[in-house]
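Here the structure is laid out as structure tokens; the discussion comes afterwards.
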Amino acid sequence: MDGILLVVKPIGMTSFDVVSYIRRKLRLRKVGHTGTLDPGASGILVLCLEKATRIAEFLLEKDKEYRFEMTLGKATTTGDAYGDVTFQAERVNISESQLREVLGRFVGEIVQIPPMASAVHVQGKRLYELARKGVEATPPPRKVTIYRLELLKFYPEDPPRALLHIACSKGTYVRRLCLDIGEALGCGAYASFMLRTRIGRFTLDQALTLEEVDDLAARGEIQDHLLSMDEALLDLPAIQVSAAQRSLLIHGQPIPLWKVRWGGVDQERGIIRLRDERGLLALAMVKQGYLRPIKVLRGP
């Protein structure tokens, strides 16, 4: 059970709720996730099972995509439908062309302040936990990148709504984006629905619902749906090591660069997968003339 499981987080559950559910259902000791989804959102959640929790940190810094609905005319404390109303427009007279013009301002590098519905830690607590207790907290602003912000459909009826798709960097908050767009339009806005459709190269159509996990677990077939650690890290460059080098690596010993068969791999690429005939052995980096293992994933 050492592998990656892609699941669909339901609305209403926290990411930790899903982790706890999978741990109990599959009777595992270690389960971790690689990117929190707020309780009011749904979509793909990448879970690392057992020994695969050791590579979770290498799956965190990934771009993401979301499909979301934005409702105009109202702003809330959390940027979604679950917060208290902070602004209510008497009338919303926004055209599709006006909305498209404003959306263009938010493509590229922008600065965001995470909303109260987010999982950012402030004062030792997650913001959404503080929000539930009525405690106000202001997290520091952060720079994020919006690669693509596409208007899929505009519904002009009262209240106006827009269906959008976004590709963005890690740490981007769609709820905050809706609040900021609403402020730029002068009418207020909030995220009335949000679905995460991609994390890195993992997509929603690869993920299992919790009901499907239940069914596969009951039939003893869940392992057929796990990705190996090697598969999960395919975007990292890989080199093949010899038996002698494997013996050094599993004991944490570095290899001189001149002894490495690079096979076209750029030494400056950062994290590198080290493989042998059995698959993934370790992760390494180039430091001071050596290929040094930073995470050994197999024993002798």
Legend entry - Among residues of the range 1-37, those that are part of a loop (DSSP other than H, G, I, E, B) and touching a strand residue (DSSP E or B) at 6+ places or on another chain (Cβ under 8 Å), counted: 9
Legend entry - Failed condition for residue 142, given (1) of a type outside the set (A, V, I, L, M); (2) in contact with a Pro (Cβ under 8 Å, 6 or more places away or on another chain); (3) more than 29 Å from residue 201 (Cα to Cα): (3)
Inset, instruction - Select from the range 178-216 the residues that are within 13 Å of the chain's Cα centre (by Cα) and not hydrophobic (A, V, I, L, M, F, W, C) and list them in ascending order. - result: 196, 197, 198, 200, 201, 203
Legend entry - Pick from the range 223-245, criterion out of contact with any Lys or Arg (no Cβ under 9 Å at 6 or more places or on another chain) and under 29 Å from residue 32 (Cα atoms), ranking: surrounded by the most Cβ atoms within 10 Å (Cβ to Cβ): 232
Inset, instruction - Kindly provide the set of residues from the range 15-40 that are farther than 26 Å from residue 220 by Cβ and free of Cβ contacts under 8 Å to residues at least 40 places away in the same chain, ordered by number. - result: 16
Legend entry - Yes/no for residue 86 being among the polar types (S, T, N, Q), at pLDDT below 95 and in a loop (DSSP other than H, G, I, E, B): no
Inset, instruction - Identify the single condition in (1) within 24 Å of the chain's Cα centre (by Cα); (2) surrounded by 15 or more Cβ atoms within 10 Å (Cβ to Cβ); (3) at pLDDT 90 or above that residue 51 does not satisfy, given that it satisfies every other one. - result: (2)
Legend entry - Matching residues in the range 68-99 - criterion: being surrounded by fewer than 18 Cβ atoms within 10 Å (Cβ to Cβ), in contact with a Phe, Trp or Tyr (Cβ under 7 Å, 6 or more places away or on another chain) and among the charged types (D, E, K, R): 96
Legend entry - Among (1) part of a helix (DSSP H, G or I); (2) buried (at least 18 other Cβ atoms within 10 Å of the Cβ); (3) of a type in the set (Gly, Ala, Ser), the one test that residue 162 misses: (1)
Legend entry - Hits in the range 286-300 (condition: of a type outside the set (Gly, Ala, Ser) and either in a strand (DSSP E or B) or loosely packed, with under 11 Cβ neighbours inside 10 Å (or both)): 286, 287, 288, 290, 291, 292, 293, 294, 295, 296, 300
Inset, instruction - Return the pairs, sorted by first residue and then second, in which the second residue is surrounded by 23 or more Cβ atoms within 10 Å (Cβ to Cβ) and of a type in the set (Asp, Glu), the first residue lies in the range 173-201 and is farther than 17 Å from residue 81 by Cβ, the beta carbons are less than 6 Å apart, and the residues are 6+ apart or on different chains. - result: none
Inset, instruction - Can you tell me which residue among 283, 274 is in contact (Cβ under 8 Å) with a residue 60 or more places away in the chain and assigned to a strand (DSSP E or B)? - result: 283
Inset, instruction - Filter the range 112-148 for residues that are modelled with pLDDT of 95 or more and among the aliphatic types (A, V, I, L, M) and give the result. - result: 144, 146
Legend entry - Matching residues in the range 169-198 - criterion: being in contact with a helix residue (DSSP H, G or I) (Cβ under 8 Å, 6 or more places away or on another chain) and under 18 Å from residue 62 (Cα atoms): 195, 196, 197, 198
Inset, instruction - Scan the range 54-67 for residues that are of a type outside the set (Val, Ile, Thr), crowded, with 18+ Cβ neighbours inside 10 Å and out of contact with any Gly (no Cβ under 9 Å at 6 or more places or on another chain) and jot them down. - result: 58, 65
Inset, instruction - Could you tell me which numbered condition residue 69 fails, if it satisfies all but one of (1) acidic (Asp, Glu); (2) touching a residue at least 40 places away in the same chain (Cβ under 8 Å); (3) in a loop (DSSP other than H, G, I, E, B)? - result: (3)
Inset, instruction - List the number of the failed condition for residue 291; all other conditions in (1) more than 25 Å from residue 22 (Cα to Cα); (2) modelled with pLDDT of 90 or more; (3) among the hydrophobic types (A, V, I, L, M, F, W, C); (4) touching a helix residue (DSSP H, G or I) at 6+ places or on another chain (Cβ under 9 Å) hold. - result: (2)
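The values are calculated or read from the model by the stated rules, or taken from the named source; none is laboratory data. Keep in mind that what you see is a predicted model, and the values were worked out from it rather than measured. Note: ideal-geometry Cβ built from the backbone for every residue, glycine included; neighbour counts use all protein chains shown.
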